[in-house]
Each structure stands twice: as structure tokens, then as C-alpha cells.
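All remarks here apply to the structure that follows.
The values are calculated or read from the model by the stated rules, or taken from the named source; none is laboratory data. This is a predicted model, so every value here is computed, not measured. Here Cβ is always computed from backbone atoms with ideal geometry, including for glycine, and neighbour counts include all displayed protein chains. The area values use the complete protein model at the heavy-atom level, side chains included, leaving out ligands, DNA and RNA. Shrake-Rupley method; radii C 1.70, N 1.55, O 1.52, S 1.80 Å.
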Amino acid sequence: MTATRIRPTYLIVFLLIAAFTAALIVSPEIYMKSVSQGILLWGQAVLPALFPFFFFTKLMAELGVIDVLAQRLNKLMRTLFNVPGIVSYVFCMSIISGYPVGAKLIGELHDKGALSKGAVYRALAFCSTSGPLFVIGTVGVAFFASKLAGVIILVVHILSAIINGLLWRRLGVRKEPEAQLAASAPPQSLGKALGDSIYNSVISILIVGGYVAIFFMIIDILNNWHILSTAAAGIGWVLGLFGIDPELASGISGGIIEITRGTFDLGKSGAGLTAMIVAGSAIISWGGLSIHMQALTFLKNCRLNLGIYFAQKVTHGIIAAGMALAMCVIIPL
């Protein structure tokens, strides 16, 4: 009888889970508080902001409303991004609603047969974005004490998403020709559409809440183990080599994991506003591991190559940082 080989990736994940579980057992009072703080944030800010969008986007999809937009913009979307016209609706809802609405809608369209796997990749390159409530209200006004900074970051974030979509527009085109794409399902009755939309929205918002709570705990564990502080020191050293304010390091290291914590740390770093805008643009366009885990949950049936997915988010972050720097040179702060 041959022994089952464990993949190195699975082994690393298992060891991380064991370490986090041990930390929770050793100091339950600390990390139960972390989870409670995450749930409180979810209940006060995330749930009221996202739940209505989850419901209405799902309801419009079930009733077939978005098919009209898809038909009118099909030629434009195929010319620019090599995706069906229905993705124009996903892009609009993503930039209005924010993470992870775009990924959720893309996953639903794939499950219905309206998007091929290649089209999923191409759509994700520009339809997985943050929204104006978070970027302007939370990051700009609350964290950076500058509404103008929030506006600049939002404009840069959207424009860099479009450029990123153009950059990845050829991915998977030859492997999956247009003829393989299935037609969208016919609209449902109003009663069934309402019931399905409520059920789907409740499940989706609970998934988001679970990730928020877990990542709050993970960040506190990494802080207590001095892993984030060590990473921040390394990032600060690298930034210093390029003449960039090393005070940004704490926000960048935290933003790699969770963008709310990262942008909050940028705001209290004491760095200049231009530096905060550039770093904030990169962090928000990258999205953070917490957002990625939420997105991949909604995209589970797509069986994505994680390397490609993360590469797309990295290019989005790099493009956003470059555009933010150019914008700060043009616009007096």
C-alpha cells in the first residue's frame, strides 16, 4: 500500500493553520476580542454597505434586466477587452459597490454559462475594484484627512483597472473561442427571483463577515509574533534605498494582508500626502489577501490559476502607483 504524498503547498497551509490554532488556544482572550472587533466592523460598516448591492445586483441578474445592457455594449466590450457585453454591467457594479461585488458577479455569470474561463480571467483584470464609499469616505476623508486625496485615488484606481483590462485582454483568447460561450438563462418569475436573491445575498454577506473576522484575528497574531513588524522593517529598508519615506512600510506590510488596516496605518504614518496617495493607490488596487480570499470563494467553480489571478492584481497595483505619482505631480496638493 503506497503512502499518499502531501503537496508542499498543503503542508505549509496545514502548518499555518496549526500555528494559528495553537495561538488561539494559548491566548483565547486576546484573539476572541480580535474576532469580536472584526464582527463589529462587519456589522457596522460592511453589512449595511454591501448587503443592498448584493441583493439588487442578484435580483437584476435573475430578472434578465442586464441582458439589455449586454446587447448594447457587446461590440464595445469585445473590441476593448475581448469579453461579452454583459461584463459592462459587472464593471459598473464593481466600481459603484466595491470589493468583492465584481468577483461575485463574475462567478455567477460563469456558473450560468455566460462566461468562459478565459473570459473570467479577462473580466477579473478590470472588474475587481474598490468603491467610492471606501476610497473617498474611509481612506480619503477619515484616514488621510483629505477628500482630494480620496478622489485622486478613486480616479487612479478606476483608470488603472481599465488599463489593466487592456493589458490582459489577450489572455486565453486562442484557447477558448467565442463559440464556446453559452447563452444566459431566461429570466425567472418575480417571486422566485426575490427569494433566490435574498437567500444568495444573505449567504454572500455572511461569507464576507467570516473573512473579515478571521483576518482581524490573523493580523493580531502576526503582530504579536512580530512578523508584520519584521516585514515592515525589511520593506522600510528597501524603500529607503530608493529614497522613499520608510514610514510607509507599516501600512504597506499591513495592506498586503488587509487594505483597511493598511490604509489606516498609512494615514497615521506621518509620511507626506503624495507618498500616502501613491502607496494607498497601490494597496487598494492590489486588494489585500482578505479580499482575495473572499473573491476566490465566489469564484470557486471557475478553478482559476492562482498565479495568473495574483499577477493581475499585482499589475493593477503597479499601474495604479505609477498613475497616482503622475497625478500628484499634475495636481497641486
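Observations on the model:
- Debye equation applied to the C-alpha atoms of the range 19-76, log10 I(q)/I(0) at 0.12, 0.30 Å⁻¹: -0.57, -1.05
- Solvent-accessible area, 1.4 Å probe, carbon plus sulfur percent, for the range 200-289: 72 percent
- Cross-linked pairs 33/117; 192/313; 192/300; 117/268; 75/117; 117/192: Cα-Cα separations exceed 31 Å for 33/117; 192/313; 117/268.
- Probe 1.4 Å - accessible area at residue 252, Å² to nearest ten: 40 Å²
- Remark: the chain projects, on average over all directions, an area of 20.4 nm² (convex hull of Cα atoms).
- Dividing the helix sum by the residues of the chain, where each DSSP H run of 4 or more adds -39500 (n - 2.57), gives a mean residue ellipticity at 222 nm of -23000 deg cm²/dmol.
- The modelled label-to-label distance for the pair residue 173/residue 196, using points 7 Å beyond Cα in the direction of Cβ, is 3.3 nm.
- Heavy-atom SASA rank of 147, 58 (probe 1.4 Å, accessible area, largest first): 147, 58
- Three principal axis extents describe the C-alpha atoms of the range 89-136; from largest down they are 35, 17, 14 Å.
- In order through the range 282-299: 3J(HN,Hα) via Karplus (6.51 cos²θ - 1.76 cosθ + 1.60), integer Hz, x for Gly, Pro: 5, 5, 5, 6, 5, x, x, 4, 4, 5, 4, 5, 4, 4, 5, 5, 6, 9
- Multiplying the residue separation of residue 19 and residue 112 by 0.36 nm and removing their Cα-Cα distance gives an extension gain of 29.6 nm.
- Cβ-based charge dipole, the chain, positive-most Cα from 257, 314, 88: 88
- Note that the range 198-205 has calculated 3J(HN,Hα) couplings of 4, 4, 4, 5, 5, 4, 5, 6 Hz, one per residue in order, obtained from phi through the Karplus relation 6.51 cos²θ - 1.76 cosθ + 1.60 (θ = phi - 60°); glycine and proline are x.
- Per residue, the accessible area of the chain comes to 49 Å² when a 1.4 Å probe rolls over the protein heavy atoms.
- Estimated from the Cβ-Cβ distance and a Förster radius of 41 angstrom, the FRET efficiency linking residue 29 and residue 7 is about 0.70.
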